[in-house]
Amino acid sequence: MYTVSNLSNHVFQAIDHHHHHRHCANAKPQITRHSIHLPISRRTEIRAHVTDNIPIVKSKSKLISQEDVINDDKRVIVGTYGRTPVVLTSGKGCKLYDVNGNEYIDLTSGIAVNALGHADPDWVEAIIDQAKTLAHVSNIYYTVPQVKLAERLVATSFADRVFFSNSGTEANEAAIKFSRKFQRSSHPNNSDPPTEFISFTNSFHGRTIGSLALTSKEHYRTPFEPVMPGVTFLKYGDIDAAQDLISSGKIAAVFVEPIQGEGGIYSATKDFLKALRIACDKAGSLLVFDEVQCGLGRTGYLWAHEAYGVTPDIMTLAKPLAGGLPIGATLVTERVNAAINFGDHGSTFAGGPLVCAAAIAVFDKVSNPSFLASVAKKGDHLKQTLKKKLEGNKHVKEIRGFGLIVGIELDVPATPLVDACRESGLLILTAGKGDIVRLVPPLVISQEELDRAVEIIHECLHVLD
């Protein structure tokens, strides 16, 4: 296998004055700015040689091994991920395949992203057609797919306007900025308008500095403090505490997930969300629903909050919207939009033609009422089957969820079960404090695939003893 550190001498002797260390197993290639002083023609020759010697990775290629990829990852990728020791190379429907040819039923869908599974033909066709036409021009110009996607989101939701971004955390960052700008606009004569936020226990809103400040897990925030100030965490579902703080007049917005995914698959109650809505209306605070994981069909409703009969002022979306391509969306009412001016926010890549074409393909399928009904039906079947198979086990405390976002709470860490399931051909996730199995399959999964997945979980439960 070719890597930067084992390319032929005649190239790297020219740029690596420490090349005699090349053959040391743990030596890093000494390619630093101070050691490169070459004419343009020589640099072009080196680039061509490097490019020519990088193997093309195909899904069933024998040029690479799992060990090679993992070792190279550790050498060149920043160590932010505690990855599962599997190298995935291809997928079709609700199945994934690794570099060794092993097949897995996918109940992760890229952390609730691949709503249509892998390589959905309509999604693939939309991407290819758009890529041949126009992929990116920035938001300096108007493009048709962005407008068409926004029209769909507005027509099917409470919102009047959409701001596009590239991820869930970016969608929440936009919501933070819009909330503060709204309050400043609403209090033009007040030098100290409401700027604080309420978030809740077990919440997850992202990893950029503003969204991180709204995320409850301390171990995510602590290494990067001070994060954005002015955030108070209240117990999820505590109506009295929320009403008291909102009534203080200091709260710009309340951020809440109707169903918490990363936090452990906890669902809000209708009374809780309704109380937040009423309190925000009285105080002039905005209510923000983070539906990055639970929105767009995952619950069997197009939007998770529809099940509660409560609407927000702002809703954030991301994960499933483009079916695997990076996108975020912040949906707002006209009242919020009226406070936003040119230049208040922006993004180079957001809402590009390619990603919006993919998102339209996803949205048009998922928003179909019959599709949503099938998600609800499969979700009920999954929970009932899990209860039938697992509830007698001493380690299973609770099975909960809504549609195809389901959690299995254990009395022990879930990692051994996740590992055993993987070895048996099933990919699942953890949530909460690591004691909850999170099941978020592609929304197109079949009942037969769900039944087989439950059977594998059941067969692997013994590893928890």
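The values are calculated or read from the model by the stated rules, or taken from the named source; none is laboratory data. Note that the structure is a prediction, hence the values are computed from the model and not measured. Please note: Cβ atoms are built from the backbone with ideal geometry, for glycine as well, and neighbour counts cover all protein chains shown.
Annotations for the structure displayed:
- Residue match in the range 170-184 (condition: among the polar types (S, T, N, Q), within 17 Å of Ala339 (Cβ to Cβ) and surrounded by fewer than 18 Cβ atoms within 10 Å (Cβ to Cβ)): no
- Scan the range 341-352 for residues that are touching a helix residue (DSSP H, G or I) at 6+ places or on another chain (Cβ under 6 Å) and either farther than 24 Å from Gly168 by Cβ or buried (at least 18 other Cβ atoms within 10 Å of the Cβ) (or both) and the total you get is 1.
- Test result for Glu173, within 22 Å of the chain's Cα centre (by Cα), within 27 Å of Thr333 (Cβ to Cβ), without any contact (Cβ under 8 Å) to a residue 40 or more places away in the chain and assigned to a helix (DSSP H, G or I): yes
- Matching option when the condition is under 20 Å from Gly425 (Cα atoms) and among the basic types (Lys, Arg), among Lys132, Lys95: Lys95
- The condition of being among the hydroxyl-bearing types (Ser, Thr, Tyr) and surrounded by 15 or more Cβ atoms within 10 Å (Cβ to Cβ) holds for only one of Thr415, Thr385, that being Thr385.
- Of all residues in the range 90-108, exactly one satisfies the criterion of being surrounded by 15 or more Cβ atoms within 10 Å (Cβ to Cβ) and over 24 Å from Glu448 (Cα atoms), namely Val99.
- One residue from Leu296, Leu302 being at pLDDT 95 or above and touching a strand residue (DSSP E or B) at 6+ places or on another chain (Cβ under 8 Å): Leu296
- Note on the range 426-448: residues that are closer than 16 Å to His381 by Cβ and basic (Lys, Arg) total 0.
- Considering (1) in contact (Cβ under 8 Å) with a residue 40 or more places away in the chain; (2) out of contact with any His (no Cβ under 8 Å at 6 or more places or on another chain), the lone condition that Glu151 does not fulfil carries the number (1).
- All conditions but one from (1) among the β-branched types (Val, Ile, Thr); (2) without any contact (Cβ under 8 Å) to a residue 60 or more places away in the chain; (3) within 30 Å of Ala126 (Cα to Cα) apply to Val444; the one that does not is (2).
- Test result for Ile111, assigned by TED's automatic domain parsing to the domain that holds Asp344 and either part of a helix (DSSP H, G or I) or loosely packed, with under 14 Cβ neighbours inside 10 Å (or both): no
- Flag not set for Phe342, criterion: aromatic (Phe, Trp, Tyr) and touching a residue at least 40 places away in the same chain (Cβ under 8 Å).
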